[in-house]
Amino acid sequence: MYIKRLQLKNFRNYKEANINFARNFNIIYGYNAQGKTNILEAIFLCASGRSHRTSRDVELIRISEKGYQVKAEIEKSGLESSVEISYDRNEKKKVKINEIAQKKIGSLIGHLNAVIFSPEDLLVIKEGPSERRRFLDITISQIKPSYFYDLQQYAKVLAQRNILLKEIEKNRRLADTLEVWNHNLVKTGSRIIKTRQEFINKLSIKAENNHRKLTNGNEKLKLRYIASINIEGLTELDEIEKNFMKTLESLYRKELMKATTLCGPQRDDYDILIDGMSVKLYGSQGQQRTGILSLKLSEIDIMKEDTGEYPVLLLDDVMSELDGKRQEYLFKSLEDVQTFITCTDRNFFNNKLGPGCKFLNVSGGIVVEK
């Protein structure tokens, strides 16, 4: 899988751009605040339907314009296709695949797979569980579209259940209707938990292998899923459902007092362990960087296994964060992966990449191939 061309119109600081890419390495360089990261953001938008930097589409519109348009032309398994996303301040976000309008944003999932690695990804380790869940959800959704729809359905059920919990406080007779929402919450939520559990187990094996190579076997990395219900030793969906329902029932009075749902995938977390110790609590900055790099490379491995195609990789100003050994390992791992790298100095890549590398200079929202 690779992106042949990217078209931008009124996106961030780009009035209009038509950018052709190389199959392997694309170095996007220039001074800061010129629009380098905006190119990666547009690619990620075409892959996932959302920006990795903001949840508000209005922030993606060029100043003084009414909307934006982004289109990626892709080659996958020898076949050409296109993904187009547009947004107008007065309308909903629109998606087209091969020029055909789609009813749901989720329809684009799987047409273009992308893995992004930026300095902000250290938040996966440093910040709260929501950042780590977001990392999981974006990755799994690209591999398994049904998971994306489960997340959407669960969010709706959860919102309605929380509203009902507040209303029960005012009218106790409404408590009888809670059973229906519990059933829906458990059914959808258990599928999410089981999918996350399976993905983390697979990711842990891959990441352990990558981390061992990155550290010359000096460190052992593991991932541990921390669910808000007890799933220890549970692998079957019906077993997870039973424990989920039991937990809901045991928390009923507390939930009424707090007027919110206290268990479920919206409260789950996972920990990254190096030699049995939490990287978030005890890891050095170097260990945290290497840990995230191991996860990102493992994402690529899993996507290739599950889809038959390598995803595109977006590296946003991270090369300077890695030492020479890790840079060398990264480049060797990406020989078959279309990679986009932003940086301020193109000379950094002299004699490091092959002849098929393309250099794109960005200045004030203008892209020039050099």
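Every number here is computed from the coordinates shown, using simple stated rules; none is lab data. In this text the structure is predicted, and so the values were computed from the model without any measurement. Positions of Cβ are backbone-derived with ideal geometry, glycine not excepted, and every protein chain shown enters the neighbour counts.
In plain terms, the chain from PHE348 to GLU305 could stretch by 12.3 nm, reckoned as 0.36 nm per residue minus the Cα-Cα distance. The order of LYS36, LYS71, LYS170, going from fewest to most other C-beta atoms within 10 Å of their C-beta, is LYS170, LYS71, LYS36.
If R0 equals 22 Å, the separation of the Cβ atoms of LYS4 and LYS94 corresponds to a calculated FRET efficiency of about 0.50.
Using only Cα atoms, tell me the angle between helix 145-170 and the longest principal axis of the chain; keep it within 0 to 90° and round to the nearest 10. Value to nearest ten degrees: 40. GluC sites (Glu not before Pro), restricted to the stretch 282-370: which are DSSP loop and have at most 12 other Cβ atoms within 10 Å? Qualifying residues, ordered by number: GLU335. Rounded if a/c is under 1.5, else prolate if a/b beats b/c, else oblate: with a ≥ b ≥ c from the C-alpha gyration tensor eigenvalues square-rooted, which is the stretch 1-48? Here the stretch 1-48 falls in the oblate category. Charges were assigned to the Cβ only: +1 to each Lys and Arg, -1 to each Asp and Glu. The resulting dipole of the chain about its Cα centre is roughly 740 debye.
Spin-label pair ALA259-ASN171: with each label point 7 Å from Cα along the Cα-Cβ axis, the two points sit 1.5 nm from one another.
Take every Cα pair under 8 Å whose residues are at least 6 apart in sequence, average their separation, divide by the length of the chain, and the relative contact order is 26 percent.
Any idea what diffusion coefficient the stretch 125-307 gets from Stokes-Einstein, in µm²/s, Kirkwood Rh on alpha carbon pairs, 4 °C, 1.567 mPa s? Answer from the Stokes-Einstein relation: 73 µm²/s.
Within the straight-line cut-off of under 20 Å between alpha carbons, the aspartates and glutamates reachable from LYS358 are GLU41, GLU73, GLU75, ASP316, ASP317, GLU328, GLU335, ASP336, ASP345, GLU369, sequence neighbours fewer than 8 places apart in one chain being disregarded.
Of the GluC sites (Glu not before Pro) found in the stretch 141-238, those that fall in a DSSP loop while having at most 12 other beta-carbon atoms within 10 Å are GLU232, GLU236.
Where only DSSP H runs of four or more residues are counted, the chain gives -13500 deg cm²/dmol as its mean residue ellipticity at 222 nm, each run worth -39500 (n - 2.57). Roughly what % of Cα-Cα distances in the stretch 13-100 sit above 17 Å, to the whole percent? Here the tail beyond 17 Å accounts for 53 percent of pairs.
Counted by neighbouring Cβ atoms within 10 Å, the residues ARG134, ARG253 run from fewest to most as ARG253, ARG134.
Which of LEU122, LEU251, LEU174 moves the most in a Gaussian network model of the chain with Cα springs under 10 Å? It is LEU174. Using a Gaussian network model of the chain in which every pair of alpha carbons under 10 angstrom is joined by a spring, one finds that among LEU203, LEU273, LEU237 the greatest mean-square fluctuation is at LEU237.
Can you give me the Cα centroid spacing of the stretch 1-72 and the stretch 337-365 in angstrom? For the stretch 1-72 versus the stretch 337-365, the Cα centre distance is 17 Å. Rg/Rh, computed from the Cα trace of the chain with Rh as the Kirkwood radius, has the value 1.00. At 37 °C and 0.692 mPa s, grab the translational diffusion coefficient of the stretch 93-151 from Stokes-Einstein with a Kirkwood Rh over Cα pairs, rounded to a whole number in µm² per second. Roughly 253 µm²/s, to the nearest whole number. In this structure, the residue pairs whose Cα-Cα separation is over 27 Å, taken from LYS92/LYS126; LYS332/LYS370; LYS156/LYS194; LYS202/LYS280; LYS126/LYS246; LYS9/LYS144, are LYS92/LYS126; LYS126/LYS246; LYS9/LYS144. When each of the peptides 101-108, 137-144 is scored by the mean number of other C-beta atoms lying within 10 Å of its residues, the order from highest to lowest reads 137-144, 101-108. Shown for ILE274, ILE63: other C-beta atoms within 10 Å of each C-beta, ranked fewest to most, produce the order ILE63, ILE274. State the Cα centre-to-centre distance between the stretch 94-110 and the stretch 250-310 in whole Å. Spelled out, the Cα-based centre of one part sits 29 Å from the other.
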